[in-house]
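*Asks:* Starting off with a structure, shown below.
The values are calculated or read from the model by the stated rules, or taken from the named source; none is laboratory data. This is a predicted model, so every value here is computed, not measured. Don't worry about glycine lacking a Cβ; one is built from the backbone with ideal geometry, like all the others, and counts go over all protein chains shown.
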Amino acid sequence: MSLQQPAAPVSRTWFDWRLYVPKSFTVIFNEGYRLADFRADAVAGLTVATVALPLAMAIAIASGTTPDKGLITAVIAGFLISALGGSRFQIGGPTGAFIVVVYGVIAKFGFDGLIVATLMAGTMLIVAGVLRFGDWIKYIPEPVVTGFTAGIAVIIFASQVKDLLGLTTGDVPAEFIPKIETFWAARDTVALPAIGVAGAAIVAIILLRKFAPKVPGFLVAVAGGALIVWLLKLPVETIGSKFGGVPTTLPSPGFPSFTLERLEQLLPSAFTIAFLAGVESLLSAMVADGMTGRRHRSNCELVAQGVANIASGLFGGLCATGAIARTATNIRSGGRTPVAGMLHAVFLLACVLSLGPLMSFVPLAALAAVLTIVAWNMSEKERFRYLLGGPIGDRIVLLATFGLTVLVDLTVAIEVGIVLSALIFMHRMAEAAAFDKGVALDDVDHDDLGEAGRAPYTARRELPKGVEVFALHGPLFFGAASRLNDALEAAFPAPKAIILRFADVPMIDTSGVGALVRFLKRCESHGVAVILSELQPRSREVLAKMGVLNFVHVSVAPTYARALELADEKVQAANSLTVA
C-alpha cells in the first residue's frame, strides 16, 4: 500500500487567491463567530498581553534601542500578523531571535538603517509568499534550525551579562568574543544590588512556572523588581534612569530616506531578517498545528509577516515574526481564533497609553532576568543533545551552524548549514542502495474556502480488522519529513495497530526521525500499536541510535508477513482488554 497523500486540489492557476485569504476572514465569515468565541479569545489575548509586555521591552533594550520600540512592534505587527495571517493561533511581535541581527544593524548603520532593512525584509517576505516559497522554507533541515537557535540563545544570554551583573562599561561590541572581553575588563564594577534583583526575578519566574503556571511570571517578576527597587531605593539602573521613561502615545508613520548604495549595504541584513521571520513564523505555525490539529497556510502567513514588518518599520518599530512561546500560551489559555491575537495587541496598546509612567520604574536587571529565561528556553538543550546522537553528517551541520552563529555571523551560519546539509544529503543519496525517483518532495498549501480536502483513508480488505498499513517510498529526509504526519492523518480515527513498511526507504535523517517520533507519540496517546516492517540496515541503525526503537508500543518485524501477525496479536490483546 502506498503512502496516502491529501487529495489533489482543484486545478488552478499558479497564483490562487484563495490560499491568501486570512484565517480571520475564514473564521468570522465562513464558520461564524459567536459570543462564546469572543470571551475565550479575550481571556487568551489578555493572558498573552501580560507575557508580551515585559518581553517586548526587554527585547528592544537588548537589541540596542529603547523599550518603546518593542511595544510599538508588538502592537502594530502583532495586530496585523493575527489579522492577515494564515494561522488561526499565531501571536506575532518582536522575538529573541532578532536581537543578534538588530543589534548588529543598529551598531553599524544606526536605527534608520534598521528601519530600511526591516522594510526591505517585509517586501522580501511578501514576494516569497506570492512565489509560494513557504512550501519550501519549512524544509530547512532540523540541525540547521536547532544550531542557529541554540547559537542565538548563547548570544542573547551574553548580551544580558552587563545588566545581570550591573557592570559599568562603555559601548558594548556586537561581536561575541569582543563582548566577553569587554565584560571581563569591567569585572571590578560588579554591583551586588543588580545581581540581587536579577537573581530574585529569575527565581520568581522559575518558581511561578513550577507551582503556579497560570500566573504571568514575567510580569510578576518585572513588577516585583520595580517595587523592590523603589521601596528600598536600590542603586539599580531603570528604564527611567537610562531612557527617560516610555512614551504614552504611538508615533506617526514615516518613510525613511535611503539611497541605492544604502540598499546594497543593508541587503544581507534584510535577507537575514526575512529568513528568520519566515522560518520562525512557520515553525511557530507548525507548533500551533501540532497542538490543535489545525492547519495553517504558509504562504498567506509569509505575506502577513511581510505586511506586518513594513507597517512596523513605518511606525518606527522593530522587525517581527511569529512567537512560538506566546503562540503556545495563546492556545493553552483557550484562544480559538485570530481575534485573540488581535485583542492581545489592543490590550498592549491600552497598557502603553495608560501605564507608561509606571514602566519607567522597571529595573533593567529584572528585564535581563526575563531574557535570561528566554535564552534558556531557546537553547533547546534536549533537542541539541538528541541531534548530537544522530548520524555524523547531521552532527557536523549542527555544530557548524551553532559555532558560526556564535562566533562569526548568523547569515554565514545559515548559508553554510544549508549548503552542508545539501552536500551531505547528496552524499547519502549516492550511497543509497535504492532510490525511488518518482517520489514527490514538494508540499503545497490547500485553501479551506473551496471543497478541496483529504481523500478518506480506506483500509485494504486483506488486512485484519483494526489494522492499517503504510508503505513508505524513498528517503525519509528533511524534504519529506513534513509530509509524513500530513499523510498519516488519513488513518485517523485511530486503528488498533499500524504497520509502517520501510522496504523502500534507503535512508533517514534526523528531521525524518523527528517527524516519525512525533507520529509515534501521537499513536501512543491514542493507544495505537506501531509495527516497523522490513527496515533496511542503514535505517534501522539510525532509528536504534536515536532511541526510536525503545518506544514501548513500537515493534519491529523483519518481513511484512510477520508484521501482519504481530499486528493481529496487538489487536486481539487490545480487544481482550476492552472486553475485560
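*Asks:* Restricting to region 525-539, and then to whatever is more than 24 Å from the chain's Cα centre (by Cα) and over 17 Å from residue 470 (Cα atoms), can you tell me which residue is surrounded by the fewest Cβ atoms within 10 Å (Cβ to Cβ)? Full working, then the answer.
*Replies:* Just the residues of region 525-539 that are more than 24 Å from the chain's Cα centre (by Cα), to begin with: 526-539.
Pick out the ones that are also over 17 Å from residue 470 (Cα atoms) and you get 526-527, 537-538.
On the way: 526: 13, 527: 12, 537: 8, 538: 17.
Going through the qualifying residues, I end up with 537.
*Asks:* Among the numbered criteria (1) buried (at least 17 other Cβ atoms within 10 Å of the Cβ); (2) farther than 17 Å from residue 122 by Cα; (3) at pLDDT 90 or above, which single criterion is violated by residue 269?
*Replies:* (2)
*Asks:* I would also like to ask the following. Which members of region 84-102 meet the condition of being of a type in the set (A, V, I, L, M) and not in a helix (DSSP H, G or I)?
*Replies:* Taking region 84-102 first, the residues of a type in the set (A, V, I, L, M) are 84, 91, 97, 99-102.
Of everything in region 84-102, just one residue is of a type in the set (A, V, I, L, M) and not in a helix (DSSP H, G or I), namely 91.
*Asks:* Which is assigned to a helix (DSSP H, G or I), surrounded by 24 or more Cβ atoms within 10 Å (Cβ to Cβ) and not charged (D, E, K, R), of 158, 107, 121? Talk me through it step by step, then tell me what you get.
*Replies:* Working: 158 fails: surrounded by 24 or more Cβ atoms within 10 Å (Cβ to Cβ); 107 fails: surrounded by 24 or more Cβ atoms within 10 Å (Cβ to Cβ).
On inspection, the qualifying residue turns out to be 121.
*Asks:* Can you say whether residue 268 is in contact with a helix residue (DSSP H, G or I) (Cβ under 7 Å, 6 or more places away or on another chain) and over 27 Å from residue 147 (Cα atoms), as far as the supplied structure shows?
*Replies:* In short, no.
*Asks:* Which helices (runs of 4 or more DSSP H) does region 215-317 wholly contain that include 1 or more residues that are farther than 30 Å from residue 142 by Cα and β-branched (Val, Ile, Thr)?
*Replies:* Working: elements: 217-232, 239-243, 260-292, 298-314.
Hits in region 215-317: 217-232, 239-243.
*Asks:* Tell me which of these residue 508 doesn't satisfy, since it passes every other one: (1) farther than 18 Å from residue 468 by Cα; (2) surrounded by fewer than 20 Cβ atoms within 10 Å (Cβ to Cβ).
*Replies:* (2)
*Asks:* Something else now. Looking at (1) farther than 30 Å from residue 233 by Cβ; (2) among the acidic types (Asp, Glu); (3) at pLDDT below 90, which one does residue 112 not meet, given that it meets all the others?
*Replies:* The one condition residue 112 does not meet is (3).
*Asks:* Further question: Out of all the residues in region 303-316, which are among the small types (Gly, Ala, Ser) and under 21 Å from the mean Cα position of the chain (by Cα)? Steps first, please.
*Replies:* Going through region 303-316, the residues among the small types (Gly, Ala, Ser) turn out to be 304, 306, 308, 311-313, 316.
The answer is 304, 306, 308, 312.
*Asks:* Looking at 417, 393, 403, which one is touching a helix residue (DSSP H, G or I) at 6+ places or on another chain (Cβ under 9 Å) and either surrounded by fewer than 18 Cβ atoms within 10 Å (Cβ to Cβ) or outside any helix (DSSP H, G or I) (or both)?
*Replies:* Values: 417 fails: either surrounded by fewer than 18 Cβ atoms within 10 Å (Cβ to Cβ) or outside any helix (DSSP H, G or I) (or both); 393 fails: either surrounded by fewer than 18 Cβ atoms within 10 Å (Cβ to Cβ) or outside any helix (DSSP H, G or I) (or both).
One residue alone meets the criteria, 403.
*Asks:* Can you name the residue in region 346-385 that is among the polar types (S, T, N, Q) and assigned to a helix (DSSP H, G or I) and, of all such residues, is nearest to residue 196 (Cα to Cα)?
*Replies:* It comes out as 372.
*Asks:* Can you name the residue in region 152-200 that is of a type in the set (S, T, N, Q) and over 13 Å from residue 372 (Cα atoms) and, of all such residues, is farthest from the chain's Cα centre (by Cα)? Explain how you work it out, then say what you get.
*Replies:* Here is the first cut: in region 152-200, the ones of a type in the set (S, T, N, Q) are 159-160, 168-169, 182, 189.
Add one more test, that the residue is over 13 Å from residue 372 (Cα atoms), and what stays is 168-169, 182, 189.
Details: 168: 35, 169: 34, 182: 32, 189: 37 Å.
The selected residue is 189.
*Asks:* So, in region 297-326, how many residues would count as being touching a Ser or Thr at 6+ places or on another chain (Cβ under 6 Å) and buried (at least 24 other Cβ atoms within 10 Å of the Cβ)? Spell out the reasoning first.
*Replies:* So in region 297-326, the residues touching a Ser or Thr at 6+ places or on another chain (Cβ under 6 Å) come out as 301, 305, 309, 312-313, 317-324.
This time we only want the ones that are buried (at least 24 other Cβ atoms within 10 Å of the Cβ), so: 301, 305, 309, 312-313, 317-323.
Qualifying residue count, region 297-326: 12.
*Asks:* Another question about this same structure. Output the qualifying pairs, or none if there are none: Cβ atoms under 9 angstrom, residues six or more apart or on different chains, first residue in region 256-270 and in the same structural domain as residue 312 (by TED's automatic domain parsing), second residue part of a loop (DSSP other than H, G, I, E, B) and not β-branched (Val, Ile, Thr).
*Replies:* Listed by first residue and then by second, the contacts come to 266/258; 268/409.
*Asks:* Let me ask you something else. Could you tell me which of the residues 134, 129, 147 is crowded, with 24+ Cβ neighbours inside 10 Å, under 18 Å from residue 383 (Cα atoms) and among the small types (Gly, Ala, Ser)? Talk me through it step by step, then tell me what you get.
*Replies:* Working: 134 fails: under 18 Å from residue 383 (Cα atoms); 129 fails: under 18 Å from residue 383 (Cα atoms).
Unique residue meeting the criteria: 147.
*Asks:* Exactly one of these conditions fails for residue 498: (1) of a type in the set (A, V, I, L, M); (2) assigned to a helix (DSSP H, G or I); (3) crowded, with 18+ Cβ neighbours inside 10 Å. Give me its number.
*Replies:* Of the numbered conditions (1) of a type in the set (A, V, I, L, M); (2) assigned to a helix (DSSP H, G or I); (3) crowded, with 18+ Cβ neighbours inside 10 Å, the odd one out for residue 498 is (2).
*Asks:* If you don't mind, there's one more thing I want to ask. Consider region 549-580. How many of its residues are part of a helix (DSSP H, G or I) and either more than 19 Å from residue 509 (Cβ to Cβ) or modelled with pLDDT under 90 (or both)?
*Replies:* Pass one, region 549-580, residues part of a helix (DSSP H, G or I): 549-550, 560-579.
Keeping just the survivors that are either more than 19 Å from residue 509 (Cβ to Cβ) or modelled with pLDDT under 90 (or both) gives 550, 560-579.
The number of residues fulfilling the criteria is 21.
*Asks:* State all residues of region 500-532 that are of a type in the set (A, V, I, L, M, F, W, C) and closer than 15 Å to residue 574 by Cβ; if no residue qualifies, say none. I'd like the intermediate steps shown before the answer.
*Replies:* We begin by selecting, within region 500-532, every residue of a type in the set (A, V, I, L, M, F, W, C); these are 500, 502-503, 505, 507-508, 513, 515-517, 519-520, 523, 528-532.
Hits for region 500-532 are 523, 528, 529, 530, 531.
*Asks:* Find the residue count for region 523-580, including only residues that are out of contact with any strand residue (DSSP E or B) (no Cβ under 8 Å at 6 or more places or on another chain) and of a type in the set (A, V, I, L, M, F, W, C).
*Replies:* 8
*Asks:* Kindly provide the set of residues from region 528-548 that are among the small types (Gly, Ala, Ser) and either touching a Lys or Arg at 6+ places or on another chain (Cβ under 8 Å) or assigned to a helix (DSSP H, G or I) (or both), ordered by number.
*Replies:* Initial filter on region 528-548 (among the small types (Gly, Ala, Ser)): 529, 533, 539, 544, 547.
Passing the criteria: 529, 533, 539, 544.
*Asks:* Another question, then. Can you tell me which residue is modelled with the highest pLDDT among those in region 4-45 that are among the β-branched types (Val, Ile, Thr) and either buried (at least 18 other Cβ atoms within 10 Å of the Cβ) or closer than 21 Å to residue 334 by Cβ (or both)? Break it down stepwise before answering.
*Replies:* First, the residues of region 4-45 that are among the β-branched types (Val, Ile, Thr): 10, 13, 21, 26-28, 43.
Next, from what is left, pick out any that are either buried (at least 18 other Cβ atoms within 10 Å of the Cβ) or closer than 21 Å to residue 334 by Cβ (or both): 21, 26-28, 43.
Numbers: 21: 90, 26: 87, 27: 84, 28: 83, 43: 93.
Top of the filtered list is 43.
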